[in-house]
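Undergrad: Below are the structure tokens for one structure; questions will follow.
The values are calculated or read from the model by the stated rules, or taken from the named source; none is laboratory data. Since the model is a prediction, treat every value here as computed from it, not as a measurement. When we count neighbours, we look across all protein chains shown, and the Cβ atoms used for this are built from the backbone with ideal geometry, even at glycine. SASA here: full protein model, heavy atoms, side chains in, ligands and nucleic acids out. Shrake-Rupley method; radii C 1.70, N 1.55, O 1.52, S 1.80 Å.
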Amino acid sequence: MTRPLIDNQTARRLFLDHHLLLGPRSGTGKGADLQTVIDDLGFVQVDSVNTLARAHDLILWSRRQQYRPPNLPRLMKTRGAFEHWTHDASVIPMASFPVWRHKFARDKAHMDTKWDAWRREGFRDQLDAVMRQIADAGACSSTDVGEDEERKSGGWWDWHPSKTALEYLWRSGELSVCHRRGFRKYYDLTERVIPPEHLNARVTEEDMIDWACRTALDRLGFATSGELAAFYAIATPAQAKTWCARALKSQTIVEADVQSHDGTLRRCFVLPEILNSAPPEPSTRVRLLSPFDPALRDRKRAERLWGFHYRIEIFVPAPKRQYGYYVFPVLQGDRIIGRIDTKRDGDRTVVTAFWPETGVRMGKARVKALEAEIDRVATFVGSADVDWGDGWLKM
């Protein structure tokens, strides 16, 4: 039987539409509108790098131009979302909390197996003390626990025991992030943070797997079982593979051939309704994306769809970098047109270089559209002006 074909342009548009990057950026970017964006995306990765704007803020601004950084903490205070791990630290819709209990249990089992060898000795002796401190004195950060313990400067591997205990209790679900100050997390007892209707709800493992695979497929548009498992990193690859086999048999999903940028075909699963609908025409507006944008987190998918090879070069020695310390992918319509090296420097936004992708012609209209987007970025990050470096356009 011949499988349905999703051509490359349709695949790109379908994927971008499901990631809220195809249409206009209208919306207030706060309150209920912001909640809808986070719900639709499934999660928003949180990252500390702030050369221009933090990843989560740029992800949300790329979809809602009126969004401003204070809007997310305000939403978090209303308990519309919680912080935990997907593939990385993320803001997750609060309605998903009951599902995450399965991840808490799996992460706890992993930590119980590995952390005694991986972490400094003594953290288990501090678990009860940290819980008592928070129960009695309220929310605290990692700087508020283990005051008399030796502190080193080696980062992750040199956490003092009480800080390690704090992280253990958070990852296992006993504690939750209640707020941040700056970028520092503050933790409280989970029952004080998570609303009762979500705290007390339970889902079975079977329902968790079904939810994780079904909602991941809805957000990806098309995927293999491995991509479904990787989306939230809740269901295991084996669980996702079993789910796909059963869903295919029941015709909940179907197989389709998805065309890559080079014309090759890849067998994927899709929801049947996808094959009977067409994504909208894209906006021609240029968009600057975070390197951690959910549409780009799967680097292999980006290469298949666009031929776009992207790596963050933060940890690459400066002389060996191909582009720059922290460059941003640039999208126009359904095409990734290049990458840009830009940062905030005092009250200015500085553009060092823009590298078009192969085959992208930088005519006057496209240059003007790129300049307009950088002007919008500058407004978003609070810059008074934009400085375009000499020879910034790398042809």
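Undergrad: Are any residues in region 67-84 assigned to a loop (DSSP other than H, G, I, E, B) and not small (Gly, Ala, Ser), and if so, which ones?
TA: Quick first cut of region 67-84, residues assigned to a loop (DSSP other than H, G, I, E, B) only: 67-70, 78-80.
Within region 67-84, 67, 68, 69, 70, 78, 79 meet the criteria.
Undergrad: Which residue out of 270, 286 is of a type in the set (A, V, I, L, M) and either under 30 Å from residue 366 (Cβ atoms) or open to solvent by 40 Å² or more (accessible area, probe 1.4 Å) (or both)? Show your work before the answer.
TA: On the way: 270 fails: either under 30 Å from residue 366 (Cβ atoms) or open to solvent by 40 Å² or more (accessible area, probe 1.4 Å) (or both).
When all the criteria are applied, what remains is 286.
Undergrad: Additional query: Here's a check for you: in region 58-71, which residue that is open to solvent by 10 Å² or more (accessible area, probe 1.4 Å) and free of Cβ contacts under 8 Å to residues at least 60 places away in the same chain is farthest from residue 218 (Cα to Cα)? Let's see the steps before the verdict.
TA: Applying the first criterion (open to solvent by 10 Å² or more (accessible area, probe 1.4 Å)) to region 58-71 yields 64-66, 68-71.
After this cut, where a residue has to be free of Cβ contacts under 8 Å to residues at least 60 places away in the same chain as well, the list is 64, 66, 69-71.
Details: 64: 21, 66: 26, 69: 28, 70: 29, 71: 27 Å.
Across region 58-71, the extreme among qualifying residues is 70.
Undergrad: Taking region 1-42 as the search range and keeping residues that are touching a strand residue (DSSP E or B) at 6+ places or on another chain (Cβ under 6 Å) and of a type in the set (Asp, Glu), which one is nearest to residue 218 (Cα to Cα)? Working first, answer last.
TA: So the first thing to find is which residues in region 1-42 are touching a strand residue (DSSP E or B) at 6+ places or on another chain (Cβ under 6 Å), and the list is 3-8, 11, 38-39.
If we keep only those that are of a type in the set (Asp, Glu) too, we end up with 7, 39.
Working: 7: 18, 39: 12 Å.
The extreme case among them is 39.
Undergrad: Residue 331 - would you say it is at pLDDT 95 or above and in contact with a Lys or Arg (Cβ under 8 Å, 6 or more places away or on another chain)?
TA: Details: at pLDDT 95 or above: yes; in contact with a Lys or Arg (Cβ under 8 Å, 6 or more places away or on another chain): yes.
Yes.
Undergrad: Another question, then. Being within 27 Å of residue 216 (Cα to Cα) and not basic (Lys, Arg), is that true of even one residue in region 339-350?
TA: So in region 339-350, the residues within 27 Å of residue 216 (Cα to Cα) come out as none.
No, region 339-350 has no match at all.
Undergrad: Another question about this same structure. Could you please give the count of residues in region 299-319 that are on the phi < 0 side of the Ramachandran plot, open to solvent by less than 50 Å² (accessible area, probe 1.4 Å) and not aliphatic (A, V, I, L, M)?
TA: Count: 5.
Undergrad: What strands (runs of 3 or more DSSP E) lie completely within region 279-385 and have 3 or more residues being in contact with a Phe, Trp or Tyr (Cβ under 8 Å, 6 or more places away or on another chain)? Let's see the steps before the verdict.
TA: Details: elements: 286-288, 328-332, 335-345, 348-356.
Output list reads 335-345, 348-356.
Undergrad: If I filter region 72-82 down to residues being in contact with a His (Cβ under 9 Å, 6 or more places away or on another chain) and more than 27 Å from residue 221 (Cα to Cα), which single residue comes out as least open to solvent (accessible area, probe 1.4 Å)? Give the derivation first.
TA: Within region 72-82, the subset in contact with a His (Cβ under 9 Å, 6 or more places away or on another chain) is 72-73, 76-77, 79, 82.
So of that shortlist, the ones also more than 27 Å from residue 221 (Cα to Cα) come out as 73, 76-77, 79.
Working: 73: 69, 76: 29, 77: 155, 79: 62 Å².
Only one residue tops the list, namely 76.
Undergrad: A further question follows. Going through region 240-280 one residue at a time, which ones are without any contact (Cβ under 8 Å) to a residue 24 or more places away in the chain, under 16 Å from residue 10 (Cβ atoms) and of a type in the set (D, E, K, R)?
TA: Hit for region 240-280 is 273, nothing else.
Undergrad: Just a yes or no: is a residue in region 92-106 in contact (Cβ under 8 Å) with a residue 24 or more places away in the chain and not in a helix (DSSP H, G or I)?
TA: yes
Undergrad: Tally time: how many residues in region 1-52 are open to solvent by less than 10 Å² (accessible area, probe 1.4 Å) and in a loop (DSSP other than H, G, I, E, B)?
TA: Total satisfying the criteria: 7.
Undergrad: Given the structure, is residue 278 aliphatic (A, V, I, L, M), at pLDDT below 95 and surrounded by fewer than 17 Cβ atoms within 10 Å (Cβ to Cβ)?
TA: Values: aliphatic (A, V, I, L, M): yes; at pLDDT below 95: yes; surrounded by fewer than 17 Cβ atoms within 10 Å (Cβ to Cβ): yes.
In short, yes.
Undergrad: Also, quick follow-up: Identify, by number, the condition in (1) open to solvent by 20 Å² or more (accessible area, probe 1.4 Å); (2) more than 29 Å from residue 11 (Cβ to Cβ); (3) free of Cβ contacts under 8 Å to residues at least 60 places away in the same chain that residue 353 doesn't meet.
TA: (1)
Undergrad: Does region 118-141 include one or more residues that are assigned to a strand (DSSP E or B), of a type outside the set (Asp, Glu) and at negative phi?
TA: Taking region 118-141 first, the residues assigned to a strand (DSSP E or B) are 140.
Filter once more, keeping what is of a type outside the set (Asp, Glu): 140.
The next check asks that each one be at negative phi; those that pass are 140.
Yes, there is a match, as at least one residue in region 118-141 is assigned to a strand (DSSP E or B), of a type outside the set (Asp, Glu) and at negative phi.
Undergrad: For region 163-251, which fully contained helices (runs of 4 or more DSSP H) count at least 3 residues that are out of contact with any Asp or Glu (no Cβ under 8 Å at 6 or more places or on another chain), open to solvent by 60 Å² or more (accessible area, probe 1.4 Å) and not basic (Lys, Arg)? Walk me through how you get there before you give the answer.
TA: Details: elements: 190-193, 196-199, 205-220, 225-232, 237-249.
By residue number, 205-220, 237-249.
Per-residue answers, yes or no, for (1) among the acidic types (Asp, Glu); (2) surrounded by 13 or more Cβ atoms within 10 Å (Cβ to Cβ); (3) closer than 21 Å to residue 48 by Cβ; (4) more than 22 Å from the chain's Cα centre (by Cα):
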position: 321; (1), (2), (3), (4): no, yes, yes, yes
position: 347; (1), (2), (3), (4): yes, no, no, yes
position: 370; (1), (2), (3), (4): no, yes, no, yes
position: 384; (1), (2), (3), (4): no, no, no, yes
position: 391; (1), (2), (3), (4): no, no, no, yes
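Undergrad: For the subset of region 5-26 comprising residues that are in contact with a helix residue (DSSP H, G or I) (Cβ under 9 Å, 6 or more places away or on another chain) and modelled with pLDDT under 95, which member is farthest from residue 289 (Cα to Cα)?
TA: Among residues in region 5-26 that are in contact with a helix residue (DSSP H, G or I) (Cβ under 9 Å, 6 or more places away or on another chain) and modelled with pLDDT under 95, the one farthest from residue 289 (Cα to Cα) is 23.
Undergrad: Now, a different point. With (1) open to solvent by 40 Å² or more (accessible area, probe 1.4 Å); (2) more than 23 Å from the chain's Cα centre (by Cα) as the list, and residue 122 as the residue in question, which single condition is left unmet?
TA: So residue 122 meets the others, but not (1).
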